[in-house]
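See structure below.
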Amino acid sequence: MILVRRFRVLILMAFLVACALHIVLDLLPKLERRAARPSVEPGCSCAQPAAEAAAPGWAKARGLPEEPPAPASAAGDSGWPNKHTLRILQDFSSDPFSNLTSHSLEKLPPAAEPAEGTLRGPDPGAPRPRDPAHRPLLRDPGSRRSVPPPGPSGDGSLLARLFQHPLYQVAVPPLTEDDVLFNVNSDIRFNPKAAAENPNWPHEGPEDEAFLPTGEAAVDAYPNWLKFHLGINRYELYSRRSPAVEALLCDLGAQKITSVAMKSGGTQLKLIMAFQNYGQALFKPMKQTREQETPPDFFYFSDYERHNAEIAAFHLDRILDFRRVPPVAGRMINMTKEIRDVTRDKKLWRTFFISPANNVCFYGECSYYCSTEHALCGKPDQIEGSLAAFLPDLSLAKRKTWRNPWRRSYHKRKKAEWEVDPDYCEEVKQTPPYDGGQRILDVMDMTIFDFLMGNMDRHHYETFEKFGNETFIIHLDNGRGFGKYSHDELSILVPLQQCCRIRKSTYLRLQLLAKEEYKLSLLMAESLRKDRVAPVLYRPHLEALDRRLRVVLRAVGGCVEKDGLRSVVHDDLDPEHRGSTRR
């Protein structure tokens, strides 16, 4: 009996020791951050963001540079809504299959040094004039100040001349209450509990916190990301002259980061970053240098996602006047102060380490490419990446996910039906929602957009559920574009070649961008030059845009010769026609 009792006591002691070790390991991140914080005045709040603290001792001991403290934020200004957080308003993608397309474990070669080459286009030009035909989407019962539209300065701007062209002055149809995603003057109360149900974000604080300003606050006092959300309507993600978009790009590159968490799912690591103005963005870190091409033997689903492709996709989408990509900006991130010190994600925090080259590294958790062999390392703790603005949260603006009819098989040997059936488009056009409305034309726009980038990874797309089938396609997840500049993937154009349909506005803009006075590569170079991580694209990628644009125009020309102009080109510029059918 004595032996049995001693054995029980030993088991109990071992259990208590294990529990104590577990508690200590869980408290380590908080204790280390707390020890690194400087002492504060007795009257100061103890809930200061961790990013303001000095770098922890483990980074100092290795000689990593420190940054000066960030300037005070305007979040506490009198014009701001008196709310605790606005995080509920945002989400990046509702697609449960987003980025779940890589089924290969091939390893990519090490990256080389970044290239500095880029096309030298004209310097930024004069401010763009406000579109007189554009109806304001933000409705405010109070007085409103006149804000000049943002744009390049100087008379030599090629972008300014492009956006003044009549093809870029076509107004959207008059907006009704049903055509606007959010109505500022409505009595909508947003449910704060939805934030606690979001699995992508650790929630702290009471569930009944108020998250959203209602009609009491002036629209001008809203943060730029909220103005961007309020500008979404049935026909466009943002208007051509929206001041909020340019301001949001600046916010993405400069706003103080207050919290970081890993995005669940996906083959590659992506981080959700929250800012001091309660905005959120999806961060994709740099994995390849500008000039590094995807190896020719690699399958599209085993390719890296490129941060610079996300940035370039936004600018290309805007130059094509689709305006279906959320704003994306490049940024240099301090991995110590802006990720490790502010994250509450323990799984992410535990993957940080110091490399043999004395650089700060981490790898996170994901399906593939999240290991010490594929770690993301700074120089020594600075890493480049892209930040994509979130769309409105699904609890406020539901989105519907659609399978792309021309989705690839994502198999090394198996081919998709459209690859073996030349009449596949006829079958698609008999299937809702492609049997009516403008959806098939939206898919053709998306096809041209993907071909210009060389993106073969368009497996799904999304639309806002409020607008039904009569609305635009949102162009999300463009990270696998701009992988090859020496190869044009003609299979991406198959939908256009099989259906032989295109909008007149799209066709005319493509012809305009093929002219020397409005050369697409020069427009892209000028637009990308304003980004904080410029040059965004390697020069051969810019030259490939001009080459691929000519391929698209030849494909449309072949359709016109075969089926006739009226059969191929849909006239969406006729006011009467646009008034009777949705865009």
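At what distance in angstrom do the alpha carbon centres of region 249-290 and region 396-416 lie from each other? Computed from Cα coordinates, the inter-centre distance equals 25 Å.
For the peptides 5-18, 528-541, the ranking by packing is 528-541, 5-18, with the highest mean count of neighbouring Cβ atoms within 10 Å listed first.
Give, to the nearest whole percent, the P(r) tail of region 223-353 beyond 21 angstrom, counting all Cα pairs. Intermediate results must be reported in sequence, preceding the final value.
On the way: 4219 of 8515 pairs.
In whole percent, the share of Cα-Cα pairs in region 223-353 beyond 21 Å is 50.
Note on Thr289/Phe7: beta-carbon distance plugged into 1/(1 + (r/R0)^6) with R0 of 41 Å gives a FRET efficiency of 0.10. Cross-link check: pairs Lys398/Lys466; Lys287/Lys379; Lys263/Lys347; Lys284/Lys400; Lys256/Lys287; Lys287/Lys337 evaluated at a Cα-Cα cut-off of 18 Å; pairs beyond the cut-off: Lys284/Lys400; Lys256/Lys287; Lys287/Lys337. Per residue, the solvent-accessible area of region 319-463 (1.4 Å probe, heavy atoms of protein chains only, all protein chains present) comes to 36 Å². Computed extension length for Glu419-Cys19: 138.2 nm, one decimal, from 0.36 nm per residue of separation with the Cα-Cα distance subtracted.
Phi-derived couplings, Karplus 6.51 cos²θ - 1.76 cosθ + 1.60 at θ = phi - 60°, listed residue by residue for region 308-318: 5, 5, 5, 5, 5, 5, 4, 5, 5, 4, 6 Hz, with x used for Gly and Pro.
The values are calculated or read from the model by the stated rules, or taken from the named source; none is laboratory data. Not measured: the values here are computed from a predicted model. No Cβ is skipped: glycine too gets one built from the backbone with ideal geometry, and neighbour counts run over all protein chains shown. Ligands, DNA and RNA are excluded from the accessible area calculation, which covers all protein heavy atoms including side chains. Shrake-Rupley method; radii C 1.70, N 1.55, O 1.52, S 1.80 Å.
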